[in-house]
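A.B. asks: Encoded as C-alpha cells, here's the structure I'll be asking about.
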Amino acid sequence: MSSPAILVRDLKKSYGSKAAVNGVDLEVPRGSFFGFLGPNGAGKSTTIRILTGLIPADSGYIEILGLRLPEDEMEIKRRIGLVPDESLLFERLTGFEFLEFVGRMYGLARDVAMQRARSLLDLLELANDRKIIGEYSKGMRKRVAMAASLIHHPELFLMDEPFEGVDAVGARLMKDILVDQVRRGATVFLTSHVLEVVERLCDRIAIINNGTIVTAGTLEELRSTGESLEDAFVRVLGAERQLERLDWL
Amino acid sequence: MIAAILRAQLLSMRVGGRRNAIFSLITGLVWYGFWCGVAAGVYFAARRAGAALLEQALPIGLLLMLLFWQVIPVLSASFGSALDMRKLLVYPAPHDKLFLVEVLLRLTTGFEMVLVSAGAVAGLLRNGAAGGWAAAPRILLPLLTFLVFNLLLASGLRSLLERLLSRRRVREVVVILMLLAFTLPRIALVMGARPKSLGGFGVLAHVPGLPWVAVSNAMLGQSELWSLTILAAWTLAAAGFGRTQFERNLRYDAVAAQATPLDAAPSSKPSWSDRFYRLPALLFGDPLAALIEKELRSLARTPRFRMVFVMGFSFGLMVWLPLVLGRQSERVGFLEENFLVAVSVYALTLLGQVTYWNCFGFDRSAVQIYFAAPQPIAVTLRAKNIASLIVVYLEVLVLTGLTWVLHVGVSLGKIAETLLVVGVCAFYMLAFGNISSVHYPRALTPDRVSQGGASSRFQAFVFILYPLALLPVFLAYLARYAFDSQTAFAAVLALAAALGGGLYGLAMESAVKTATTNRERILVDLSRGEGPVVSN
C-alpha cells in the first residue's frame with residue numbers, strides 16, 4: 001500500500017507565546033481532493049507554509065509523498081506544485097517569461113519550459129496578454145500562479161485560497177483543471193473560505209481552529225445529518241451570531 | 001487628521017523589529033553625528049567672522065543650503081519620506097491638510113541643513129559683528145522663512161519630478177537633461193568660458209533679488225524691509241508652485257503612465273533584447289542561467305533601476321569630467337590617467353542600492369519562490385551577484401564609449417585595468433552586499449522611481465563599508481605610485497583579488513546560513529507593507 005500524500009503528526013509552530021499550529025495530525029490519502037478549512041487565523045496558511053518548506057516547524061513529524069521533511073526537502077519541492085496565499089509572482093516579467101522561468105527552476109529544459117508555458121497560457125486564456133504581471137488583475141495573477149504550479153507536472157498541489165479574486169469563468173476553468181489532475185492520480189490539498197467550492201470539489205475535509213484539528217473525515221461523515229457544509233462548519237466551530245451586539249449599526 | 005496619519009505611521013514603523021531599530025540607530029548616529037560636526041564648524045566660523053566676511057559668505061552658505069535641499073535628493077534619486085496617496089485618497093481628508101503633511105515631510109531630505117542652520121544662528125547670535133543677541137529676531141525670522149521656502153520648493157519639485165520620472169521613456173530623458181544642465185556649465189567654464197575660476201557660482205550667490213541674497217541682507221540688517229518683502233514674495237511663489245504640483249499629483253494616474261503598450265501581434269522571433277537576456281544561458285546551466293535571465297529582465301523593467309543606471313554613468317562624468325578637461329595640475333593629470341577607473345568604481349558603488357545591497361528588495365513577497373523551488377538559496381545569491389556584475393560591466397562599457405567620444409584618452413591597457421579593478425572591488429562589495437541582503441532585507445516598490453534600497457542613513461552605513469571594500473585596490477594604486485612599478489601594482493591587485501575571493505566565499509557561506517535559518521523573518525520583512533508615509 002502506498003504512503004499517504006501528506007502525513008503529519010503532532011505538528012507545532014509558535015510565534016512568541018502564541019501557538020499558530022498546536023499539535024496538528026493530518027493524513028491526506030493519495031489521489032484525494034482535500035479541503036483544509038478553518039476561520040481566519042486558525043493556522044491554515046502556517047500549516048501550508050510549513051509543508052512547502054517555506055518556514056520551519058518547531059516540532060512534529062512530516063512526511064510528504066513518502067519523503068521526510070526537512071531531510072528530503074529538495075526532492076519534495078521537485079514534486080509539489082504551490083499556489084500560496086501571497087503572490088510569488090515576479091511583477092516585472094510577463095506571464096510567459098515567468099512560466100518559462102519557473103519551469104527551468106524545476107529542471108525543465110528551456111524549449112520544454114517554453115512550450116509548456118505557451119500551452120498553459122493558452123489553457124488559462126492568457127495567451128494574448130503581453131503585459132507584465134505587475135499590470136495583471138488579481139484574477140489573472142491567480143491564473144498565472146496556477147499555471148506555474150502545473151508546469152512541472154507535480155504529484156501534489158498545495159493551494160492557499162486558489163480561487164480568491166478569480167471570476168466565475170476563470171474559477172470554473174481552474175477547478176476543471178484540478179479535477180482532471182486528481183482524476184489522473186494527483187493529490188490536491190487546498191484551503192478556501194468559499195465552502196460551496198469545497199463542498200463541490202473535495203472528497204475529504206479537515207477543519208482547523210486555534211491551531212488544532214477539530215474534525216477530519218470524508219464530506220459525508222462531516223455532514224452526517226444532511227446539513228450543508230456551511231452549517232456543519234459553523235456547528236463544529238461553535239460560532240454564534242453576534243450582530244445584535246452592534247445596536248448602533 | 002494629521003495626528004492620525006502620524007500615529008498610523010509610527011505604529012507601522014514599530015514592527016520593524018529590534019535588529020532594524022539598532023541598525024537604524026547606529027546609521028543615524030553616524031550620519032547626523034557627521035552633520036552635527038559640520039554644524040559645530042559653521043558655529044565657530046559664524047561666531048568669529050567679521051562683517052565684511054559675513055556679507056560675502058552668508059549668501060554663498062544659504063545658496064549651498066538651498067542646493068543641498070533641492071538638488072541632492074534629485075541627484076541621488078532619494079526623495080525622502082512622502083505621503084502614500086494610494087492609501088490616503090480614499091478618506092475624506094482635505095487636500096490642504098495633506099499638503100501640509102507633505103511639506104513637513106520635506107524635512108526628511110533637508111534635516112541636515114536645519115542642523116547647519118542652527119549652528120549658524122548660534123554663531124551669529126554670539127558674534128557682535130552680526131548684532132549679537134539683540135539681533136535675534138532679525139536673524140531668526142528671515143532664516144525660518146527661508147526654511148519654509150525650501151520646504152515648499154522641495155515639495156513642488158518632488159511632485160513635479162515624481163510625475164515626470166514615472167512616465168515611460170520620459171524619465172531617462174529627464175535625468176539626462178538634468179545632468180546636462182549641471183554638467184555643461186562646468187565643462188564650459190573649465191574649457192575656456194571662464195578659464196581662471198568657477199567664479200560664476202560666486203556671482204550667482206550675490207545677484208540681488210534672489211531669495212538667499214534677500215535672506216542674507218535681512219539677517220545682516222541691510223534694507224531689511226525690502227529684503228523681507230522679496231523673501232515673502234519668493235515664499236508665496238514657492239507655496240503656489242508646491243500646492244499646484246501637489247494637486248496635479250493627486251489627479252495623476254501613474255499606473256496608466258507606466259502601462260506596457262500592447263503588442264498588436266506577438267512576434268515568433270526573439271527580439272534583440274530577448275537575445276541579450278538569453279546570453280547567460282551560453283555560459284551557465286539552469287537554474288543559474290534562468291535566475292540571471294529573470295534578474296536582468298526584471299531590472300531592465302524597473303523604473304528605479306533604469307534611473308540609477310543612467311545616473312551611474314552620468315554622475316561620474318558630471319563630477320570628474322570638468323576637472324579632467326581642466327588639466328591644470330599634476331593632480332588632474334592623475335585623474336585623467338585613471339578617469340575610467342574612477343568613474344567605473346563610482347558606478348559600481350551607485351548601482352549597489354538597486355542591486356547588491358538589498359538584492360531581494362524588488363522581489364518582495366515573490367522571494368518565497370527561491371525557498372519553495374528545489375534549488376539551494378546559494379544559487380539564487382550567486383545568480384543575483386552575476387546579474388549585478390553584468391549590469392556593472394555594461395555600465396563600464398557605456399563609460400568607455402563616452403570617454404572615447406569625449407577624447408579623455410583611454411587606452412586598451414586602461415580599459416583592461418578598469419575591468420580588473422572593478423572585478424576586484426566587486427568581490428568585496430558583493431560579499432558585504434550578500435550579508436546585508438539577508439540581514440536587512442527591505443521590500444521595495446519597483447514602479448516607485450523615488451524609492452531606493454538605501455536611505456541617507458543607510459548610505460552612512462555604506463560609507464563606512466566603502467573605504468573597507470576599496471582599501472585593497474587603493475593599496476594597489478599606492479604601490480604603483482610608491483614604487484613607480486606596474487609589477488608592484490599587479491602583485492598587490494592580485495593579492496587583493498585573492499583576498500576578495502576568499503572574503504566572498506566566506507560571506508556567501510554566512511549569507512546562505514542566515515538565509516536558511518532566518519528564511520521566515522526574511523519572508524516577513526519582504527512582504528511587509530508600509531504605513532501612510534513611504535520613505536527611502
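A.B. asks: I'd like the distance separating the alpha-carbon centroids of segment A:89-118 and segment A:1-63, in whole Å.
C.D. replies: Here the answer is 29 Å between Cα centres.
A.B. asks: Percent antiparallel among DSSP beta bridges with both residues in segment A:98-249, to the nearest 5?
C.D. replies: Within segment A:98-249, antiparallel bridges account for around 55 percent of the total.
A.B. asks: Let me ask something else. Separation between the B:VAL207 and B:SER271 pseudo-spin-labels, each 7 Å from Cα along Cα→Cβ, expressed in nm?
C.D. replies: 4.3 nm
A.B. asks: Under a cut-off of 26 Å between alpha-carbon atoms, report the lysines in cross-link reach of B:LYS269, not counting same-chain residues fewer than 8 places apart.
C.D. replies: A:LYS131, B:LYS294
A.B. asks: Still on this structure, please answer the following. What is the sum of charges around B:GLY41, taking Lys and Arg as +1, Asp and Glu as -1, for the other residues whose C-beta is under 14 Å from the C-beta of B:GLY41?
C.D. replies: Here the charged neighbours net out to +1.
A.B. asks: Excluding B:LEU351 itself, what net charge comes from residues whose Cβ is under 12 Å from its Cβ, given Lys and Arg +1 and Asp and Glu -1?
C.D. replies: Net charge around B:LEU351: +1.
A.B. asks: How high is the FRET efficiency between A:MET74 and B:GLN56 when r is their beta carbon distance and R₀ equals 60 Å, given to the nearest 0.05?
C.D. replies: After rounding to 0.05, the efficiency reads 0.30.
A.B. asks: Over 28 Å between Cα atoms, which of A:LYS18/B:LYS513; A:LYS138/B:LYS97; A:LYS77/B:LYS384; A:LYS77/B:LYS513; A:LYS138/B:LYS513 qualify?
C.D. replies: A:LYS138/B:LYS97; A:LYS138/B:LYS513
A.B. asks: Shifting gears a bit: What is the helix-to-structure angle for A:168-183, meaning the angle in degrees between its Cα long axis and the longest Cα principal axis of chain A, kept from 0 to 90 and rounded to the nearest 10?
C.D. replies: The angle comes out at about 90 degrees.
A.B. asks: Past the 32 angstrom mark, what percentage of all C-alpha to C-alpha distances in chain A do you count?
C.D. replies: Value for chain A (Cα pairs over 32 Å): 23 percent.
A.B. asks: To the nearest 10 degrees, how steeply does helix A:110-123 sit against the main Cα axis of chain A, on a 0 to 90 scale?
C.D. replies: Taking the Cα atoms of chain A, the angle to A:110-123 is about 60 degrees.
A.B. asks: If you don't mind, another one. Under unit Cβ charges (Lys, Arg +1; Asp, Glu -1), what dipole magnitude, rounded to 20 debye, does segment A:6-245 have relative to its Cα centre?
C.D. replies: Charge dipole, segment A:6-245, about its Cα centre: 480 debye, nearest 20.
A.B. asks: Moving on. Which whole-Hz ³J(HN,Hα) couplings does segment B:145-162 yield from phi under the Karplus relation 6.51 cos²θ - 1.76 cosθ + 1.60, θ = phi - 60°, glycine and proline marked x?
C.D. replies: 5, 5, 5, 5, 4, 5, 4, 5, 5, 4, 5, x, 4, 4, 4, 4, 5, 4
A.B. asks: Using Cα atoms only, what is the angle between the long axis of helix A:138-150 and the major principal axis of chain A, expressed in degrees (0 to 90) to the nearest 10?
C.D. replies: The two axes meet at around 80 degrees.
A.B. asks: Provide the per-residue ³J(HN,Hα) series for segment A:194-206, in order, calculated from phi with Karplus coefficients 6.51, -1.76, 1.60 and θ = phi - 60°, each as a whole number of Hz, with x at glycine and proline positions.
C.D. replies: Working through the residues one at a time gives 8, 5, 4, 5, 4, 4, 7, 9, 8, 9, 10, 9, 10 Hz.
Each reported figure results from applying straightforward, stated rules to the coordinates on display, with no laboratory input. Every value quoted in this text rests on a predicted model; they were computed, and no experiment measured them. Cβ sites come from the backbone with ideal geometry, for glycine too, and all protein chains shown count toward neighbours.
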